[in-house]
Amino acid sequence: MSSDRENIQKTSEKLRDLIRIHDFLYYVEDNPKISDAEYDGIMNQLRKIESDFPWSITEDSPTQRVGGKRSERFASFTHLIPLLSLSNVFNNQELVNWHNRIEKLAGITPITYYCELKYDGVAVSLTYENGIFVKGATRGDGVQGEDITTNLRTIKSIPLKLVGDSFPESFDVRGEVIFPKDKFEILNKDRVARGEDPYANPRNTAAGSLRQMDPSVVASRPLDIFVYGIGAFQGQIPSTQEKILEWLTDVGFKVNPNNKLAKDLDQVENYFDEWVDRHQELNYDCDGIVVKVNDIDLRDAIGSLGREPRWATAYKFPSKTAVTRLVGIGVNVGRTGVLTPYAKLEPVNLTGVTIKSATLHNQDYITDNDIRVGDLVSITRAGDVIPRVVEPLVDARTGNETGFNMPNECPSCNYPIVREDNESAHRCLNLNCPSRGNHLLRHFVSRGAMDIDGVGENLISQFIKEGLVENIADIYDLTNEKLLSLDRMQEKSATNLLESIARSKDRPFEAVIYSLGIRHVGLETARLLANNFSNVDVLLAATRETLLEVPGVGEVVGKAILDWFEDENNLEILNRLRGSGLTFNKTESSPTEPSMQGTRFAITGSLQSMNRAQLESMIRELGGTIANNISGSVDYLILGSSPGSKLTKAEELSIKVLTEAEFMDMLSKP
Ligand code: IVH
């Protein structure tokens, strides 16, 4: 080989190793050591070499995560060692019975157990040969799964190449793919902002993402993984579960940090007690703990019963469902005119929260589940952000229950309701519908959009009621006088409001596009549009073809944009906004370093001013990082109400604790 070729190979492999290290620190350890810009710099160097010398590209290169083509269907995959199921226990007595049986079978006491969380995600098996990820598959029926290698390669916490050389020649790693809760909330918020139905829960969304035929779509989903065991292998593996997981961590896999060795059953009970209280704090759903015999040889001696090993069991957390009466069904009209039915419930306590209403998604959901007014229904919050009616208790019916049909007229403006072909949603098409106006205004002033502080739900309703604001452009015509005409409006608040409104004029072009509330145009699409069309006139002149050239814009989004810009009312509003001085062209973002560069934050308790996802993305935007656990590397702990154990830990480590207000103060300091 010529020395030039060798040099290129050496340099690119060095860059790959460097990227692997930083991917590991960021995606597995949640402890990045370099800035995004530095990371991008290294990645770009590697991309440049690989594009100049395509022969130097390797299968396991970090540039090749989204490599595979769109496929029509997944190939079948046979698991050499089946993926087993777990037996369940639901209370302490059942756990004790399980343990007694094991001690008898093993003839040893006490047995050392290994405790893990039971992640509520999608089981997968990952095959490595000579340290390279070669195949990934779903569980399927335990023996026959589907080959989803190209999709799994896009998950950044799955190593494409392992660290070091201490691994068997070939082996399968088993784990659970999850959709982090904060990212799920953002995804759903974005969907709702685009006028789409929110997804039901993180687990279904993870499963749905992995079944996508186009790997680039999967790559856009922030999936993550926890590995918890080994399937088939050729060669040597460690002798206990604890050591196996330590070894998997060492070679680059993401293993959950909350696993714990239990020397006896008491310690298993303590682990359960801790997590039954704390699992809601985690950024992923868990529905119980898994108790495993630690010693691998002992497991073999204890054996399996059918599809379930006797040496492990899942101790489930108490279910988060409640039963109550459905007293009525109401209908909300959203910003894009979509009608969403919701259940009016007899108040009921569910995991400490009083629930009075729950979503019913759409007419199909009600029809398919045969939900009737007057029914006793079970409701849940398991993994769901919003409570949901699961099913009616059919046996408890008296015959007085009544079915439900969407109204033919909008409950807000009496305009006829339509349901378009192949859509689950019913829609009010009246652009001036007051309900739509109310939602659109709320969207317009929200964070991410025009970010107008101090304009909340109540004030918007007041604006509409008093005729001060009918549409989004009217906000910029508000004056001190008009504001002071409102009930209980103080001089000081009016001044503050006008200042926030004036400040919003500096919001970037992408935020303005997002704030218009165009169907299907969420933050990400707005950003793409702003990057591809330098100003609003170019965007106004866009055609179907030019829109389709924008990556991420397809027929549906393209049509929604064209429809929006064709509407006379919208054009008038746009012109008025332009006249008010909003930013309608792409300005280069300021080159100054973000103000929180390098600062590390942890968050605990429930927040008042915004949700956790919003706070986290704000910190990240300013260059800070988020820690899921308290350790010496954390600079500040932000404190919500009912804080968890992070507070005690932070106090132990003398980490500075900030209230939400103190954090906001910190932001406003230069
Ligand atoms: S061990 C024989 N460990 O639960 C051992 N499974 O009902 C079987 N799961 O499909 C798996 N967290 O996907 C194990 N810490 C954990 C787990 C876990 C979640 C899932 C797994 C499996 C299902 C078994």
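Only the coordinates and a few stated rules stand behind these numbers; no lab work does. Since this is a predicted model, take the numbers as computed values, not measurements. Ideal geometry is used to build each Cβ from the backbone, glycine not excepted, and the neighbour counts take in all protein chains shown.
Points worth noting:
- Simple Cβ-charge dipole of region 94-208, Lys/Arg +1 and Asp/Glu -1, about Cα centre, in debye nearest 20: 220
- Under a 5 Å amide H cut-off, with hydrogens placed 1.01 Å from N, R600 pairs with T625, D635, Y636 among residues at least 5 apart or on other chains.
- Amide H within-cut-off set for I417, under 5 Å, with H built and near neighbours excluded: E409, C410
- Angle in degrees between helix 434-445 and the longest Cα principal axis of the chain, rounded to the nearest 10: 70
- Under the convention that each Lys and Arg Cβ holds +1 and each Asp and Glu Cβ holds -1, the size of the dipole of region 12-67 around its Cα centre is about 120 debye.
- Compactness of region 402-515 is given as radius of gyration and Dmax, 16.8, 52 Å, from Cα positions.
- Cysteine residues of the chain whose Cβ has no partner cysteine Cβ closer than 4.7 Å: C115, C286.
- Against the chain, whose longest principal axis comes from its Cα atoms, helix 612-621 is set at around 90 degrees.
- With each label modelled as a point 7 angstrom along the Cα→C-beta vector, the K492-R325 pair spans 4.8 nm.
- DSSP-assigned coil residues among trypsin sites (Lys or Arg not before Pro) in region 298-370, each with at most 14 further Cβ atoms within 10 Å: R307
- For the chain, the residue among L152, L95, N408 whose Cα projects farthest onto the positive side of the dipole built from Cβ charges is L95.
- Simple rule: put +1 on each Lys or Arg Cβ and -1 on each Asp or Glu Cβ in region 1-83, find the dipole, and look at A37, A75, S61; the Cα lying farthest toward the positive end is A75.
- Dipole of the chain, positive direction: furthest Cα of T249, L528, T398, with charges on the beta-carbon: T398
- Averaging Cα coordinates gives a centre for region 38-105 and one for region 226-274; these two points are 17 Å apart.
- Contact order relative to length of the chain, as percent, for alpha carbon pairs under 8 angstrom and 6 or more apart: 10
- Ellipsoid equivalent to the chain - semi-axes via the Cα gyration tensor, in Å: 45, 34, 26
- In this structure the amide hydrogen of Y284, modeled in the peptide plane, comes within under 5 Å of the amide hydrogens of K181, none closer than 5 places in sequence on its chain.
- To the nearest ten degrees, helix 3-23 and the longest principal axis of the Cα atoms of the chain are 80 degrees apart.
- Within region 472-562, all pairs of alpha-carbon atoms sorted by distance into 5 Å bins from zero give the percentages 2, 13, 20, 18, 10, 10, 9, 8, 6, 3, 0.
- From phi via Karplus (6.51, -1.76, 1.60), per-residue ³J(HN,Hα) for region 258-273 in Hz, x at Gly/Pro: 8, 5, 8, 6, 10, 6, 7, 5, 4, 5, 5, 4, 4, 4, 4, 4
- For region 136-152, backbone phi angles converted through the Karplus equation (6.51, -1.76, 1.60; θ = phi - 60°) give residue-by-residue couplings of x, 9, 7, 5, x, 8, x, 10, 10, x, 10, 7, 10, 3, 4, 6, 5 Hz, Gly and Pro being listed as x.
- Working note: Cα atoms of region 301-405, range along each principal axis, descending, whole Å: 61, 36, 28.
- About its Cα centre, the chain has a charge dipole of approximately 300 debye under the convention of +1 per Lys or Arg Cβ and -1 per Asp or Glu Cβ, with nothing else charged.
- 3J(HN,Hα) along region 448-453, derived from phi through the Karplus expression 6.51 cos²θ - 1.76 cosθ + 1.60 where θ = phi - 60°, amounts to x, 8, 7, 6, 8, 5 Hz, with x in place of Gly and Pro.
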